[in-house]
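**Student:** Before we start, here is the structure in question, set down as structure tokens.
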Amino acid sequence: MQIGVAYSEPGQQIWLNIEVPDSATIREAIERSGILKQFPQIDLDVQKVGVFGKLSKLDSALRPGDRVEIYRAIICDPATVPRKDADDDEE
């Protein structure tokens, strides 16, 4: 079956479409994709993963067309980052 594997860093994103066995898990798909060689800093024991924006476990089964996503840690506190309000656009 075909699935996608996505990962993003500042200034660089990658989305690979790969073929995996029907019984593939998220971990197997990530390993088969070769993304761990391209981004050796990815640590699957630490980083969270998901499918279409929903957190999932590495041993979760995949379905045809799924998009596996590898998430990076948030490096700033969203509460301290200034937000652009909709009112700013009207001025």
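Values in this text are rule-based calculations from the coordinates and carry no lab data. None of these values were measured; they are calculated from a predicted model. FYI the Cβ positions are ideal-geometry reconstructions off the backbone, even for glycines, and counts take in every protein chain you see.
**Student:** On a C-alpha basis, how far is the centre of the stretch 17-50 from the centre of the stretch 2-16 in Å? Whole number, if you could?
**Tutor:** Spelled out, the Cα-based centre of one part sits 11 Å from the other.
**Student:** Would you mind computing, in nm to one decimal, how far apart the modelled labels at Gln2 and Glu19 are, each placed 7 Å from Cα along Cα→Cβ?
**Tutor:** So the label points at Gln2 and Glu19 sit 1.1 nm apart.
**Student:** Using DSSP, restrict attention to beta bridges with both residues in the stretch 2-73 and report what percent are antiparallel, rounded to the nearest 5.
**Tutor:** Numbers: 15 of 19 bridges.
Looking only at bridges with both residues in the stretch 2-73, the antiparallel portion is about 80 percent.
**Student:** With a/c under 1.5 counting as rounded, go ahead and sort the stretch 2-73 into rounded, prolate or oblate using the C-alpha gyration tensor (a ≥ b ≥ c being the square roots of the eigenvalues; past the cut-off, prolate if a/b is larger than b/c, else oblate). Each step should come with its number before you reach the end.
**Tutor:** Working: a/c = 1.57, a/b = 1.38, b/c = 1.14.
Prolate, because a/c is 1.5 or more and a/b exceeds b/c.
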